[in-house]
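Please read the structure below before turning to the comments.
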Amino acid sequence: MVDGVGYLIIDTTELRTLMEPEYNSGNLNSLINDYRHIVVVDIEHTCAIDGSLPPEERETIEIGAVLIDTCSLQIIDEFSCLIRPVIHPKLSKFCTELTGITQSELDVAEPFPKLFANFIDWLPSDAEYIFATWGAYDLVQLNIDCASHGMPAFSPSLNLNLKEAFKVSRNLRKKVGLKKALEISNISYKGNHHRALDDAKNTAKLLPLIFNDKERPGIYEATIKFEINDDSLTMDEIDDSLFDVGFDDAIVSHSGDGRIAIELSREAISFADLVESVVAEVMNVIPSAKVIQASSDRWQTSQERNLNPFKLNNLGNPGVDVSTSRIRSRQKLRSIAEIEGGYIVDMPDTKETLHPARYFEDLFLQKLKAQGLDNKVLSKQLDLSDEQFNDFLKEKISVTVTFSKRLEVLTGMPCDFWLRAQSKFDNSHK
């Protein structure tokens, strides 16, 4: 017993195999449909280069975690804390140099029991989550700490070893470290390696490669350009035909020489699937239409850019001026909204981009308040605290996938509108 805290020697081999799935591609992909969240966790613990610190006396000194929505594989929340060790309270020089965590930072931190309780409270309350770590040891270390402090063992419903999962999903002969996995995937590491939250965030970048189920939909943005070989059709007739078959969620622009560009954001299985479906719809209503280019600025369900398969088709740039008819298209959308009492809103593609809060405030807030809904009620319906709701209106909170779905329920505006607004705002402020 040290400083009033007892520690136990536990069988870490048994903990390594608790609650793990089968590691094959089919089973990994099926997990996406069975769970609502993935919690990617990384921990840092006390260490010594000379081996003087036995495994059962190591202590967690930092927990970093990110909460992932399984529909989009985007980060929707994060957790981070430093923890004061009590069995061996003084860090080794090696540990400080490895992690960058200083003795003075740990001296003012709380001990494990209180901070681990905070971490448990942060986890999704519905228990519908996959506990995921890069390697098997992080869960082992957490349970070493639980045993040392006389606390019940931590047993998540499913413990996923992402190092093993990455090896299987990428058909590697052996497991690799986190930085090597990112290098193989052509993804850059951002932050400080061996800091828990940074490692967790970078680990999350690999999830789209591990859960590579082609049937899992996401939200994709595309601009598809057509040549209309029919001089009898006016621009208004083309627009009317497209609106009639469901392109009221798109921006339709004209070059003046028979070419049009359709810009839209929709849920699809893949970027290629989105393009194929749009091309089929357009050619069905305008048989003379011929696709000449398709492009995508980014894949909205990933933190990184993805390869655009249509760039491999040697399609030329038709030089469509996407601003030519934007005012007329916007007026048409507003007219439809007024007639049908709906909320069809065009996303302007200008250099002046707005935070989603501005759309919410300008288009919906007064209408909602006229219905008797004050800020407190709206906060509750959006599952936000009063402070968080005010922070959203002040543009201090970003729209996540989960938040966009709540906004859709409250306002009737599709969630992809809110996500696209956030994406354009973020890109304009980089």
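The values are calculated or read from the model by the stated rules, or taken from the named source; none is laboratory data. Computed from a predicted model, the values in this text were never measured in an experiment. With ideal geometry, Cβ positions are generated from the backbone for all residues, glycine too; neighbour counts draw on all protein chains shown. The accessibility values were calculated without ligands, DNA or RNA, using every heavy atom of the protein model including side chains. Shrake-Rupley method; radii C 1.70, N 1.55, O 1.52, S 1.80 Å.
Using heavy atoms of the protein chains and a probe of 1.4 Å, the accessible area assigned to residue 245 is about 70 Å². Computed over protein heavy atoms with a 1.4 angstrom probe, the accessible surface ordering of 146, 415, largest first, is 415, 146. If you sort 354, 106 by accessible surface, 1.4 Å probe, largest first, the order is 354, 106. With R₀ fixed at 51 Å, the C-beta to C-beta distance from residue 27 to residue 257 puts the FRET efficiency at about 0.45.
In this structure, the residue pairs whose Cα-Cα separation is over 28 Å, taken from 167/396; 114/175; 179/396; 376/396, are 167/396; 114/175; 179/396. Rolled with a 1.4 Å probe across the full set of protein chains, the surface gives residue 361 an accessible area near 70 Å². If the chain linking residue 102 and residue 174 were pulled fully straight, counting 0.36 nm for each residue of separation and taking away their Cα-Cα distance, it would gain 22.5 nm.
Rounded to the nearest 10 square angstrom, residue 194 shows an accessible area of 60 square angstrom against a 1.4 Å probe.
In this structure, the amide hydrogen of residue 92, modeled 1.01 Å from its nitrogen in the peptide plane, lies closer than 5 angstrom to those of 47, counting only residues at least 5 positions away or on a different chain.
Taking 0.36 nm per residue of separation and subtracting the current Cα-Cα distance, fully stretching the chain between residue 272 and residue 361 would add 28.5 nm. Between amide H atoms placed 1.01 Å from N, distances below 5 Å from residue 59 occur with 46, all of them 5 or more places distant or on a separate chain.
Using 0.36 nm per residue, how much length does the chain from residue 244 to residue 122 gain when fully extended, once their Cα-Cα distance is taken away? Length difference between fully extended and current span is 39.2 nm. Against the criterion of solvent-accessible heavy-atom surface with a 1.4 angstrom probe, 189, 129 sort, most first, into 189, 129. Across segment 87-102, rounded Karplus estimates of 3J(HN,Hα) from the backbone phi angles (6.51 cos²θ - 1.76 cosθ + 1.60, θ = phi - 60°) give 6, 10, x, 9, 6, 6, 4, 4, 5, 5, 5, 5, 9, x, 7, 9 Hz, Gly and Pro being marked x.
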